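Some notes on the structure that comes next.
No value in this document is a laboratory result; all are computed from the given coordinates. None of the values given here were measured: they were computed from a predicted structure. Here Cβ is always computed from backbone atoms with ideal geometry, including for glycine, and neighbour counts include all displayed protein chains.
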Amino acid sequence: MIDLSLFQQYGPALLRGLGMTIFCWLVGTVFAMALGFVMALVQRSVKAWPVQWLLRAYVEFIRGTPFLVQLFVLYYGGPMLGLRLDALPAGLLGLTIYGSPYFAEIFRAGLNAVPVGQIEAARAMGFPPGAIMRRVMIPVMLVSALPALVNFSIILTKETVILSMITVPEIMFETQTMMAETFAFAEATLVLALFFWIFVEAISRIGRRLERRATHYLLERS
Amino acid sequence: MALTTTTNAASARLENVSKFYGEFQALKDVSLAIPPGKVTCLIGPSGSGKSTLLRCINFLEEYDRGGIWIDDRLIGYDAVGGRKMAPGRLREMRRDIGMVFQQFNLWPHMTALQNVAEGLERVKRLPRAQAQRIAAEALAKVGLGDKTGNHPSRLSGGQQQRVAIARAIAMQPRIMLFDEPTSALDPELVGEVLAVMKQLAAEGMTMVVVTHEMGFAAHVADRVAFMERGELVAAGTPAEIFGNPADARVRAFLQSYNDRNAFDVKAG
């Protein structure tokens, strides 16, 4: 039977774990998106081959290796290269690095899909480059890119559990502690599964709302 | 409001303009004077370089040799030293040059009003309320005063092109470039766009129009330039070009145009 009394003891730790998971996801996703966007911009505008080659290599390397391995390289291998990070900063940096190439590819494809004539119209009027990006390219790009951005953000929620392997006290770490101390596998894993389900559901609802906002002009009826 | 009449129309001067795509020479030493306050039509077969030449005038297309002056300012390159012009100075010159594209190129996420107001806000740095007031005026001028809240997806092709013209004139350009403005339109929508262009011409706007509408070129243009294979073959008044063209290539082009558009009923 499910023993609810366990949650009196472990409730606070689990709640802190939930908070930590949401925090790690939010920070990791925002930074990964930001880095990915910058990568996509550089890839568009800096045509020098060493830069292109480096970006390509970075994308292929990160996409070609498991997140757990990257995290171990960063956290355990880092100190040997002079990069000594605590678990949490290492985890956040890891998520940023892991997510950035995927986001970069989404942004790259999205920006390439902006009709060139719409950009030319702004250039011909004398728009500064920043205004072209903010007012024309990003809104038009989001129409096609939003579903993929939301999708990968959801994938990242589930990658956060890997941070438990380097002792970041997120929800997976806390449930494992609970299981190790009580052997209450059913209670602990049920909480874990339920949480992620609700978490992801919330994100996809927000995502759908953003999509509706970005594409409202395609849906409006006269 | 200065949206009504053009008082300070610019002239343009093209001298020996050449453009290469690798080995291929798209423009061959084209020289053409564009008088202020007049309509100059560029005609000729597809691929003759008309659009390329037009796009060189605001440097959307970079020419490689020769020079293009708007009034007496060289565009695209520094007058001294011949280096590529600083982006800020090019932007400043482009403010005076309106452009209308074959595919309209409106911004789909903005209403008609915002499409027109956007340049006033971002380029001329007008406050939003003032930009929207001028935008509404420009839309009214092209006969779309009742469509300000529509997104481009809710407008016909002719209406979209008129919004695009309003977007250009709201910036109070001193010269306007039209790149086949009616070529993407259904035949029954061509008239409304040409009517707006005629109105602009009557107000004394300097206009350069790449067009396949020979009727418009014949009736509205002050000067007609005929291009073929990247060369300017002939330039003159409509009467000179359409009446009795001296050049055989112009004659052949017009002959084939007439054959396609003749109303002769098949005999028998």
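Can you tell me which residue is farthest from residue B:262 (Cα to Cα) among those in the range B:177-204 that are buried (at least 24 other Cβ atoms within 10 Å of the Cβ) and of a type in the set (A, V, I, L, M)?
Looking at the filtered set, the residue picked out is B:177.
Which of the helices (runs of 4 or more DSSP H) found entirely inside the range B:85-169 contain at least 2 residues meeting this: more than 10 Å from every other protein chain (Cβ to nearest Cβ)?
B:112-122, B:128-141
Go through (1) farther than 22 Å from residue A:108 by Cα; (2) surrounded by 12 or more Cβ atoms within 10 Å (Cβ to Cβ); (3) under 22 Å from the mean Cα position of the chain (by Cα) for residue A:31 and report which single condition fails.
Only one criterion is unmet by residue A:31, namely (1).
In this structure, is residue B:214 touching a helix residue (DSSP H, G or I) at 6+ places or on another chain (Cβ under 8 Å), closer than 28 Å to residue B:253 by Cβ and buried (at least 24 other Cβ atoms within 10 Å of the Cβ)? Can you show your working first?
Values: touching a helix residue (DSSP H, G or I) at 6+ places or on another chain (Cβ under 8 Å): yes; closer than 28 Å to residue B:253 by Cβ: yes; buried (at least 24 other Cβ atoms within 10 Å of the Cβ): no.
Answer is no for this residue.
Between a residue in the range A:206-219 that is within 13 Å of chain B (Cβ to nearest Cβ) and any residue that is surrounded by 15 or more Cβ atoms within 10 Å (Cβ to Cβ) and outside any helix (DSSP H, G or I), which pairs come within a Cβ distance under 6 Å, given they are 6 or more apart or on different chains?
Hits for this filter: A:217/B:109; A:217/B:151.
Look through the range B:55-84, keep the residues that are aliphatic (A, V, I, L, M), more than 14 Å from chain A (Cβ to nearest Cβ) and in contact with a strand residue (DSSP E or B) (Cβ under 7 Å, 6 or more places away or on another chain), and return whichever of them is surrounded by the fewest Cβ atoms within 10 Å (Cβ to Cβ). Even if it seems obvious, please write down each step before you answer.
Of the residues in the range B:55-84, the ones aliphatic (A, V, I, L, M) are B:57, B:60, B:68, B:70, B:74-75, B:79-80.
Among the residues that remain, those that are also more than 14 Å from chain A (Cβ to nearest Cβ) are: B:68, B:74, B:79-80.
Then keep just the ones that are in contact with a strand residue (DSSP E or B) (Cβ under 7 Å, 6 or more places away or on another chain); that gives B:68, B:74.
Working: B:68: 23, B:74: 17.
Step by step, filter the range B:55-84, then rank; the result is B:74.
What number goes with the only condition from (1) within 14 Å of chain A (Cβ to nearest Cβ); (2) part of a strand (DSSP E or B) that residue B:52 does not pass?
Failing condition for residue B:52: (2).
Across the range B:170-189, which residue is nearest to residue B:43 (Cα to Cα) among those that are within 12 Å of chain A (Cβ to nearest Cβ) and not hydrophobic (A, V, I, L, M, F, W, C)?
Taking the candidates together, the pick is B:179.
How many residues are among the hydrophobic types (A, V, I, L, M, F, W, C), surrounded by fewer than 21 Cβ atoms within 10 Å (Cβ to Cβ) and under 10 Å from the mean Cα position of the chain (by Cα) when one looks only at the range A:150-177?
Counting residues in the range A:150-177 that are among the hydrophobic types (A, V, I, L, M, F, W, C), surrounded by fewer than 21 Cβ atoms within 10 Å (Cβ to Cβ) and under 10 Å from the mean Cα position of the chain (by Cα) gives 4.
What residue, among those in the range A:42-59 that are part of a helix (DSSP H, G or I) and in contact with a helix residue (DSSP H, G or I) (Cβ under 8 Å, 6 or more places away or on another chain), is nearest to residue A:137 (Cα to Cα)?
Of all residues in the range A:42-59, those part of a helix (DSSP H, G or I) come to A:42-45, A:49-59.
Then drop every residue that is not in contact with a helix residue (DSSP H, G or I) (Cβ under 8 Å, 6 or more places away or on another chain), which leaves A:42-44, A:51-52, A:55, A:58-59.
Numbers: A:42: 15, A:43: 15, A:44: 13, A:51: 23, A:52: 22, A:55: 22, A:58: 25, A:59: 23 Å.
The extreme case among them is A:44.
Starting from the range A:118-145, take each residue that is at the interface with chain B (Cβ under 8 Å from one of its Cβ atoms) and list its partners that are of a type in the set (Gly, Ala, Ser) and part of a loop (DSSP other than H, G, I, E, B), counting only C-beta distances under 9 angstrom and pairs at least six apart or across chains.
A:140/A:113; A:143/A:113
What tally of residues in the range B:172-189 results from selecting those that are under 15 Å from the mean Cα position of the chain (by Cα) and not in a strand (DSSP E or B)? Reasoning before the result, please.
Going residue by residue through the range B:172-189, those that are under 15 Å from the mean Cα position of the chain (by Cα) are B:172-184.
When the remaining residues are screened for being not in a strand (DSSP E or B), the result is B:172-174, B:180-184.
Of the residues in that region, 8 qualify.
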